[in-house]
Amino acid sequence: MTPEVTRRALMLGTAGAAGTAALSGCSRGGPADQDQPLRIHANDSTTFQPNFNPYGGVPLQGASGLIYENLRLATAMSPGESEPWLATELEWNEDGTVLTVTLREDVEFTDGERLDAEDVVFTFLMHRDVPATNTVALGIADAIALDSRTVQIEFDGTSFAQEADICTRPIVPEHVFSAFEDPSTEQVADPVGSGPYQLERFSDQLYTFVKNDGHWAAEEFEPRELAWPSFTTQTMNTALQAGEIDWSGGFIANIDQIFVDHDPEHRGYWYPGNGTVNLTFNLEKELFQDLELRRGVSLAVDRREIAEIAYQQYFGPPHPTGLPRPTFEEFIAEEYRDLEFEVDLEEAERVLDEAGYERGGDGIRVAPDGTPLVFELPIPSSYNDWVTTSQILGSQLSKVGIALTPRGISFEQWLEARDTGNFFVTISTAGAGQNPWYLYRSMLSSEYRTEGDEPVVANFQRWYDEETDELLSSYADTDDEQEQRAAVEGLQRIMIEQMPTLPIVTAPNWFNFNTELWTGFPDESDPYALGAPVQNADRVMVLRNLTRTTN
C-alpha cells in the first residue's frame, strides 16, 4: 500500500530563508570557497525540529540515505535497476516470496558497533510489527539471519515488483531502536547511522552534516560538509538569486530571470516528470460514479493552459495514461504514444447534455437527481501553484456550466479532508516510484480501501475495480518483463477509457543547481538520478558524483 509521496516531496513549493543569516558563514569568499560546505535547500520550513528518525514523524532531510543507509541504490531514472550498497547480492526464490540478502562485511555504525544481519532483520520486523513504520506497505511475514552477513526476508505474497522499495528501506541500528517504545513516534536528535555522513551540529535554522571518514566508501564522497539552512516563502528567491544555495528543490516562478540569468554559466535546472497531479473526484459520491460526467469535465479542461500559466511552461501537459515523461516514456504503449488530452468545449457540452446534466436558468448544470454541479475545491492555501491551477480550472469549467470554487485551507485540514473522503473534488498527487506499477498502485489499488471513517493513505479518489486489481496483481506476481509490460498497458487503457482520476499536471522533480562551487549534478544530458535533494537513494548518487569546481 505505497502511500502517496507527499506533495512537499514531489512538488516542493517556493521557499525562502528564515535564516539567510545562517548562511552568512556559507557565502562566497575567494580562496575560502575551497572550505565551503555544499549548501542545500530541501525543506521549506521556518524552523527545524531535531528529528532524524527515518521512520518517525517528519524526519529532517538527509536522515534517510546519508545517515541511515539503503541495501541498494535505485532511481526512477533507471527503472528495474539497482546497484550494490549495503547489500552486495540479492536472490529471490522462484515465486518471489523469499528474498535472500548478502551484506557487505566492512560496515560500522558511527558509535563503533558493526552493522550486521541482525540490524537488517530488526528493521524489516519493525515494518511488520509497527505498521506505521511500514510506509511502503511491504507484506513482510518474517525475517531471519542465516549468518552475520546473510538475511532471509519472507513476504506474504509475491513481491518481485517491490524490490526497489525493499532495497531502499533505511537500515537502523537494532541496539539503538530496540530501546524505543514506539519507533514510529520516537524523536531522534542524535542519530547513530552507518551512512557516508553524520550530524555535525543542529540549530532550529541550520543543521550540518560532516563526512563520516570511517564509512566504507568515504573516498567516493568529495563534499566534506553539507549545510541545510531553513527557508521561508519570502526569502527563498533572494537566497537563490544571491547564489547562496548550491543544490535545491522547489518551484521557482520565473526561474530564468530569478536564478539562471544572474549566472548562466553556472546555474541551471532540470524538471523531469516524477509523478502526476490529478483532479480528484470522490468516487464514493454517487454523482462522480458517472463516467460521462468525468468525461465531460476532462474535455473542458485545458491542461496546456494550466501548464503555461500556473507553471510557466516548465513542462507540457500530462499524458492521458498518467505516466510522467520523460521518466516513464518507454513504458507508454505504442498505441497511446502520440495520444494527447483533447480540449473540446462543444463536445463537452454534448456529452453532458446527453448524460442528462441540463443547464438551469442560472447557467449551472443540474444532475438528473436534481443536484446542481456546484462544488468547492479544497486545496492548501500555501500552495501558490495549486491556487493558480484551481482558479484556471474554475474558469474553464464555468464555460460548460460547472461551478468549481477554490477554497484555500490549511495543509493539515486538506490532508484530513483528502484522507477521510470529506470532499467532492480536490487535487492530489501520486509519486512515480521506481516503475509504472508503483504509480498505478498508489492511484488505483483497492488494497487501500478502509472501513468507515478510517483514513486512506493512497487512491484518494477511491477507485475500487476488480479488473484494475487483477492487472496490478498480474504485474506483481511475475518478474517476466513482457508480462509486466502487458499489465501496465492494461492499466493505461483503464486510465484512458475509464478516467478514474484526471491528470492535469505532470508532477515534476523540482531541481535547481549552481555549479559555481560544485559540479557533477544530473541533468537532461546525464540523467543518472533524480536531482531534487529529497529522495534517499538519489541524493546519495548525486553526492557521490559531485566534485569541487576548479577555476
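The values are calculated or read from the model by the stated rules, or taken from the named source; none is laboratory data. Predicted model, so just to flag it, every value in this text is computed and none were measured. Glycine also receives a Cβ, built like all others from the backbone with ideal geometry; neighbour counts cover every protein chain displayed. These area figures cover heavy atoms from the full protein model, side chains too; ligands, DNA and RNA do not enter into them. Shrake-Rupley method; radii C 1.70, N 1.55, O 1.52, S 1.80 Å.
Restricting attention to the stretch 410-441, the residues being within 30 Å of R72 (Cβ to Cβ), outside any helix (DSSP H, G or I) and either in contact with a strand residue (DSSP E or B) (Cβ under 6 Å, 6 or more places away or on another chain) or of a type in the set (A, V, I, L, M, F, W, C) (or both) number 5.
Number of residues in the stretch 249-274 that are without any contact (Cβ under 8 Å) to a residue 12 or more places away in the chain, outside any loop (DSSP other than H, G, I, E, B) and open to solvent by 40 Å² or more (accessible area, probe 1.4 Å): the value is 3. Restricting A179, A161, A145 to residues that are among the small types (G, A, S) and more than 30 Å from S473 (Cα to Cα) narrows the list to A179. Among residues that are touching a residue at least 12 places away in the same chain (Cβ under 8 Å), of a type in the set (S, T, N, Q) and touching a Ser or Thr at 6+ places or on another chain (Cβ under 6 Å), Q198 is included. Answer yes if at least one residue in the stretch 133-152 is under 24 Å from P50 (Cβ atoms), out of contact with any Cys (no Cβ under 6 Å at 6 or more places or on another chain) and of a type in the set (V, I, T), and no otherwise. Checked against the condition, which is being under 24 Å from P50 (Cβ atoms), out of contact with any Cys (no Cβ under 6 Å at 6 or more places or on another chain) and of a type in the set (V, I, T), the stretch 133-152 yields at least one hit. So for the stretch 400-409 (the condition being assigned to a loop (DSSP other than H, G, I, E, B), touching a residue at least 24 places away in the same chain (Cβ under 8 Å) and open to solvent by 10 Å² or more (accessible area, probe 1.4 Å)), does at least one residue qualify? Looking for residues that are assigned to a loop (DSSP other than H, G, I, E, B), touching a residue at least 24 places away in the same chain (Cβ under 8 Å) and open to solvent by 10 Å² or more (accessible area, probe 1.4 Å), one finds none in the stretch 400-409, hence no.
Scanning the stretch 487-527 for residues that are closer than 16 Å to L38 by Cα and acidic (D, E) yields a single hit, E516.
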